[in-house]
Amino acid sequence: MSRIAYVNGRYLPFPQATVHVEDRGYQFSDGVYEVCEVKDGRLVDEPLHMRRLQRSLAELKICMPMSLAALRVVLRETVRRNRVRDGLVYLQVSRGVARRDHAFPPAGTAPSVVVTARSTDPSVAERVAAAGVAVITVPESRWERVDIKAIALLPNVLAKQAAKEQGAKEAWFVGKDGYVTEGSSSNAWIVSRDGKVITRPADHGILRGVTRTVLLNVLKAQGLELDERPFTVEEAYAAREAFITSASQSVMPVVRIDGRPVGNGAPGLVATALRKEFHRYSEFV
Ligand code: PDD
């Protein structure tokens, strides 16, 4: 079965699903995106993803390409046409097509919209989670507005590749101050020796992950103590547990940081429990 993409009003087989050479997403990375998990055929925490999308668009002064209701129909239709039961749906909105010129195109230029969906195998994810993943640390090299989910991801791409080349799953960015900001495509968490769950506040230094937002509710419900503050790489090395969160990985235990075992080198109890509980607190619509 050929995969189907939604491109500017049409559902097209991948070979025909193309964008214009002067699309500003292609030319300038002038656009935003969202990745939403699909579980049992339903979108996970879609309202929070849509809210973040609207915020990202507003920050970049790109208008909503269609009504929220219409966008939600397109997401579902793309999931349906690709027969995705468990997987991911990807949405990208760029500032549209215009003659190449850095400044914004004329008012009224229609934003471009692309939606794709793909299946993932939940049993593979569970196997990865049971073993835990390795992360490396890399110097923070991104712009200051990483709170906007912009498609400009070159530093993230380079960081992820560095991780891959070192046999790790994720790279954590570390600021000049020695504090971890977040992963190349995930938020970063540790559990201290005294059992506190520590993650950086969602200021301009990180993306406010939807998984992160929902997990804060899980922590509260589980009676776990949250310490929302930045943590250093040294603290992470000495932590009892570490984990990462994202729509594509849910809660993923981290068992090695820069080659050093975290805790006893196996997925921690807190991370494992949070992973198990997570979807009970998600909104399925
Ligand atoms: N990544 N930080 C960054 C830099 C991210 O790219 C992501 C998401 C997150 C976690 O956000 P959320 O919990 O809303 O997925 C944090 C998506 C999944 C991606 O790029 O594929």
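With bins 5 Å wide beginning at 0, the percent of Cα pairs of region 18-95 falling in each bin runs 3, 14, 25, 23, 18, 12, 4, 0.
Classify region 4-56: rounded, prolate or oblate, from the alpha-carbon gyration tensor (a ≥ b ≥ c, eigenvalue square roots; a/c under 1.5 rounded; otherwise prolate if a/b is larger than b/c)? It is oblate, given that a/c is not under 1.5 and a/b is not larger than b/c. Largest GNM mean-square fluctuation among 204, 20, 102, using the chain with Cα springs under 10 Å: 102.
When the C-alpha to C-alpha distance is required to be over 25 Å, the pairs from 169/276; 39/196; 160/196 that qualify are 39/196; 160/196. Does region 146-191 come out rounded, prolate or oblate, given a ≥ b ≥ c as the square roots of the eigenvalues of its C-alpha gyration tensor, rounded meaning a/c under 1.5 and, failing that, prolate meaning a/b above b/c? Oblate. Express the Stokes-Einstein translational diffusion coefficient of region 4-150 in µm² s⁻¹, to the nearest whole number, given a Kirkwood radius over alpha-carbon pairs, 10 °C and a viscosity of 1.306 mPa s. In µm²/s, the coefficient is 95. A simple charge model with +1 on the Cβ of Lys and Arg, -1 on the Cβ of Asp and Glu and nothing else charged puts the dipole of region 66-153 at about 420 debye relative to its Cα centre. Dipole size of region 158-257 about its Cα centre, with +1 on Lys/Arg Cβ and -1 on Asp/Glu Cβ: approximately 240 debye, rounded to the nearest 20. Here the accessible area is traced with a 1.4 Å probe on the protein chains. For the chain, carbon and sulfur cover 54 percent of it. Note on residue 269 and residue 141: their simple-model spin labels are 4.0 nm apart, each label 7 Å out from Cα toward Cβ.
Excluding ligands, DNA and RNA, the accessible surface per residue across region 1-116 is 51 Å² with a 1.4 Å probe.
For residue 244, the residues whose modelled amide H falls within less than 5 Å of its own, excluding neighbours fewer than 5 places apart on the same chain, are 252, 254. Distance between the pseudo-spin-label points of residue 121 and residue 67 (7 Å out from Cα toward the beta carbon): 4.2 nm. For the chain, the mean residue ellipticity at 222 nm estimated from helices alone is -8500 deg cm²/dmol, where every DSSP H run of n ≥ 4 contributes -39500 (n - 2.57) and the total is divided by all residues, rounded to the nearest 500. Between 150, 129, 47, the Cα set farthest toward the positive side of the dipole of the chain (charges on each charged residue's Cβ, about the Cα centre) is that of 47.
Per q in 0.22 Å⁻¹, report the Debye log10 I(q)/I(0) for region 119-197, using one uniform scatterer on each alpha carbon and no solvent. So the normalised log intensities work out to -1.12.
Rg over Rh for region 104-245 works out to 1.01, both radii taken from alpha-carbon positions and Rh defined as the Kirkwood radius. The magnitude of the dipole of region 116-159, with charges of +1 and -1 set on the Cβ of Lys/Arg and Asp/Glu and taken from the Cα centre, is near 120 debye. Farthest toward the positive end of the dipole of region 174-222, out of 175, 199, 222, is the Cα of 222, where the dipole comes from beta carbon charges about the Cα centre.
Taking the Cα atoms of region 175-285, the ratio Rg/Rh between the radius of gyration and the Kirkwood radius comes to 0.93. Residue-normalised convex hull volume from the C-alpha trace of the chain: 131 Å³ per residue.
The values are calculated or read from the model by the stated rules, or taken from the named source; none is laboratory data. Since the structure is predicted, the reported quantities are computational estimates derived from the model, not experimental observations. Positions of Cβ are generated from backbone atoms using ideal geometry, with glycine treated the same way; all protein chains shown enter the neighbour counts. Protein only, heavy atoms only, side chains kept; ligands, DNA and RNA dropped before computing areas. Shrake-Rupley method; radii C 1.70, N 1.55, O 1.52, S 1.80 Å.
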